[in-house]
Amino acid sequence: MQLIYAKASPFARKVRVAASEVGLSSQIELIDTVVMPIIINEKVNALNPLGKIPILLTNDGEVLFDSHVICEYLDSLHNKSRLIPSAGSVRWHTLSLNALADGLMEAALLVRYEQAIRPEKHQWDEWIEGQMSKVHRALTALENKINDSDKVISIAHISIACALGYLDFRFISFDWRSSHLKLAKFQESFAARASMMDTLPV
Ligand SMILES: N[C@@H](CCC(=O)N[C@@H](CS)C(=O)NCC(=O)O)C(=O)O
C-alpha cells in the first residue's frame, strides 16, 4: 500500500498513527507531497478531485480518501481490537467524538491557511475568530466527553491526540491545557506512545 501524505498534516498523521496501532505501518510505503488550497498538485488532484491528502493506494488498486475512510479500511485488515467499534452505543459514541476531533482539526487548519497563506491585508479577523470559536467549543466538549480511564484505544483517541498535537505544532502560544485538564492528562500519556512519537509533525 502507498500513503500520499505530508509530515505536517494532522489528517495524514491520524492515518499513520492508526496504521501503527494496528500493526500495519510496515506494509505502507509513505509518499511525501505538498498540498495547499492555492497550489495545483496534479498528481494529488488526479487521485482525489478535492486535492486533499491523505490518500491511500491499496494493493488491490483502490484509491481511498478521506482519512476516516482510510482508517476504516485499515481497521478491516487486522485481527486486533477494532479502532472503530462495529456496533452498539460505543460505536456511535466513538464516531461522534471522532467527528468532534476531526472538526477541531479542520477549523484549526482553516485558520492556519488563513494566517499562513492569505496575504495579510486580505486576512479577515472575524472569520479567524469564528473558526477559533469552533476550536474552543470543540475543546470544551471533548473535555466533558473524554473518558480518561478508557483502556481500549479507538479512532476517537487517535483523532483527539492528532488534533491536540496540531494545536501544539501550529499554534505554539495557545495554552489549551490549563483550561482542559482532562484533555491535557490524556494527551500527556497518549502523545508518549510510539505511534505518536514516530509521527511527530515537521
Ligand atoms: N476531510 C479530509 C481533510 C483532509 C485535509 O484537509 N487535508 C489537508 C492537509 S492536512 C489538505 O489536503 N489540504 C489541501 C487543500 O485543502 O487544498 C480528511 O479527513 O482526510
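The values are calculated or read from the model by the stated rules, or taken from the named source; none is laboratory data. Bear in mind the structure is a predicted one, so any value in this text is a computation, not a measurement. For neighbour counting, all protein chains shown are included, and Cβ atoms are generated from backbone atoms with ideal geometry for every residue, glycine included. Areas reflect the complete protein model, heavy atoms only, side chains present, ligands, DNA and RNA absent. Shrake-Rupley method; radii C 1.70, N 1.55, O 1.52, S 1.80 Å.
See the values below:
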| quantity | calculated |
| --- | --- |
| Filter result (part of a loop (DSSP other than H, G, I, E, B), within 13 Å of the ligand (Cβ to nearest atom) and touching a residue at least 12 places away in the same chain (Cβ under 8 Å)) within the range 11-55 | Thr33, Val34, Val35, Met36, Pro37, Ile38, Asn48, Leu50, Gly51, Lys52, Ile53, Pro54 |
| Verdict on Ile70 being of a type in the set (Val, Ile, Thr), within 8 Å of the ligand (Cβ to nearest atom), in a loop (DSSP other than H, G, I, E, B) and touching a strand residue (DSSP E or B) at 6+ places or on another chain (Cβ under 8 Å) | no |
| Flag for His68 being closer than 17 Å to Ile153 by Cα, open to solvent by 60 Å² or more (accessible area, probe 1.4 Å) and touching a helix residue (DSSP H, G or I) at 6+ places or on another chain (Cβ under 9 Å) | no |
| In the range 56-67, the residues that are touching a Lys or Arg at 6+ places or on another chain (Cβ under 8 Å) and either in a helix (DSSP H, G or I) or of a type in the set (D, E, K, R) (or both) | Asp66, Ser67 |
| Subset of the range 1-10 [outside any loop (DSSP other than H, G, I, E, B) and crowded, with 22+ Cβ neighbours inside 10 Å] | Leu3, Ile4, Tyr5, Pro10 |
| From Ile39, Ile53, residue being of a type outside the set (Asp, Glu) and surrounded by fewer than 19 Cβ atoms within 10 Å (Cβ to Cβ) | Ile39 |
| Condition met for Ser96 (within 15 Å of the ligand (Cβ to nearest atom) and under 18 Å from Ala163 (Cβ atoms)) | no |
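Listed here are the residues, each with its yes/no results for (1) under 15 Å from Met105 (Cα atoms); (2) in contact with a Leu (Cβ under 6 Å, 6 or more places away or on another chain); (3) modelled with pLDDT of 95 or more; (4) open to solvent by 60 Å² or more (accessible area, probe 1.4 Å).
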position	(1), (2), (3), (4)
Val135	yes, yes, yes, no
Asn147	no, no, no, yes
Ala184	no, no, yes, no
Glu188	no, no, yes, yes
Pro201	yes, no, yes, no
